[in-house]
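Right, one structure below, let's go through it.
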Amino acid sequence: MTTFVDRVELYAAAGSGGHGCASVHREKFKPLGGPDGGNGGRGGDVILVVDQAVTTLLDYHHSPHRKATNGQPGAGDNRSGKDGQDLVLPVPDGTVILDKDGNVLADLVGQGTTFVAGQGGRGGLGNHALASARRKAPGFALLGEPGESRDIVLELKTVADVALVGYPSAGKSSLISVLSAAKPKIADYPFTTLVPNLGVVTAGSTVYTIADVPGLIPGASQGKGLGLEFLRHVERCSVLVHVLDTATLESERDPVSDLDVIEAELKQYGGLDDRPRIVVLNKIDIPDGQDLAEMIRPELEERGYQVFEVSAVARTGLKELSFALAGIIAEARAAKPAEEATRIVIRPKAVDDSGFTVALDEEGIYRVRGEKPERWVRQTDFNNDEAVGYLADRLNRLGVETELLKAGAKSGDGVAIGSDENSVVFDWEPSMTAGAEMLGRRGEDHRLEAPRPATTRRKDREAERDESQKEYDEFKPF
């Protein structure tokens, strides 16, 4: 049964905002006491938070779909809806957040580091908040915005100072068990270690972490064995320690060739050339292992490696190795720039920044894209004529009509607001005045009773295409 997962796909959905309420205050002797509809509540966010007590992504492997709660709708008597509850998801230290295309969105390192994976939708305004001197009794309310949905990939990269790499059964697990208090599984068969093991080592005044990475074999960087799944766990390490088996029973292997193979795999994986290397000749408690270690040590030192002869079983040479690693790690930590407090940079938008664009697409429709107009469209109840008229007034005040005129739009042209996949198409009529004085009964807008030529032209084109397709289907050759 799987107990360790370091890569998952997470489907995060934030909560939608609650709808605003359209209500009129009524009490004895005051049948029309004015609008009193409350606002809808905000949808909950989906937030990833680093928790050092969490060491695996197993929970999200079993339950990849996570959704925050929605905001509650508003109610009469100016009662606002309750906000949705944020969904806080704990992740291990060192989790990298990527999108579906592999682009890094965030690198979560350090206890308490957060990332908002899904933003909750805004709640809709009630008719009490929409009332003004010109629109004293709105017969509509704004809808709540849908919450943000996102498919992301979580990858865990172990946060450790030292990484032990080498062939299977080279003695890495035995070494980490005697250097630290870690208790990994140890056996005399290959691939005993199936997951990275972490241990904490104290050498003098230096405390550092050491990781035992599952054994590498030729072709690990291309996916053979377990290497490709766990090579990412050495990316954050400051020191790479090659653990070489000097008492291997395989005749075609020797410690020097093992070192060359592992180095070739690390080079193909990439990004590790700047890490200092240390070579550990393990299992010198065996007579043949001691002889082989003395034989190959000069060659390794000529290559520039710092070599240590140790025995995890007899516990010899461990103190020298531990303090040597502590010295390298202390230098690496001192060389790092001092961490500064995160600076919050506020970049307010310009006062005259309308925040939208107008462009003519290939189908002859003018597309309006921008945060404000798209949000306003999402919040509009198109079953209510007055709400549609209110949307037209807002777009006019924002300057959409002026930009459409500059782009060459004429009366009856189609105007789409939103993305190509999810947009709302209108038949544009220029020079619309504010609609409050034109309203009749609540929930109506007389401006919308005019014919819609753009819609008619679209329907005619669709009918012509259908007729052409029908003729083709009838007379096409067999």
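The values are calculated or read from the model by the stated rules, or taken from the named source; none is laboratory data. What you are looking at is a predicted structure, and each value in this text was computed from that prediction instead of being measured. Methodologically, a virtual Cβ is constructed for each residue, glycine included, from the backbone with ideal geometry; neighbour enumeration extends over all protein chains shown. For accessibility, only protein heavy atoms count, side chains too; no ligands or nucleic acids. Shrake-Rupley method; radii C 1.70, N 1.55, O 1.52, S 1.80 Å.
Quick look at the values:
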read-out: Carbon plus sulfur fraction of accessible area for segment 80-165, probe 1.4 Å, in percent; value: 48
read-out: Above-threshold pairs, the threshold being 31 Å between Cα atoms, out of K28/K372; K172/K267; K410/K470; K406/K459; K100/K406; K28/K82; value: K28/K372; K410/K470; K100/K406
read-out: Stretch gain in nm, segment D77-A335, where the contour uses 0.36 nm per residue and the Cα spacing is subtracted; value: 86.6 nm
read-out: Extension reserve of the E263-D107 stretch, reckoned as 0.36 nm per residue once the Cα distance is removed; value: 53.5 nm
read-out: Label-point gap, in nm, between S132 and D361 - each point 7 angstrom along Cα→Cβ; value: 3.0
read-out: Loop trypsin sites (Lys or Arg not before Pro), segment 90-171 (other Cβ atoms within 10 Å of the site Cβ: 14 or fewer; DSSP); value: K100, R134, K136
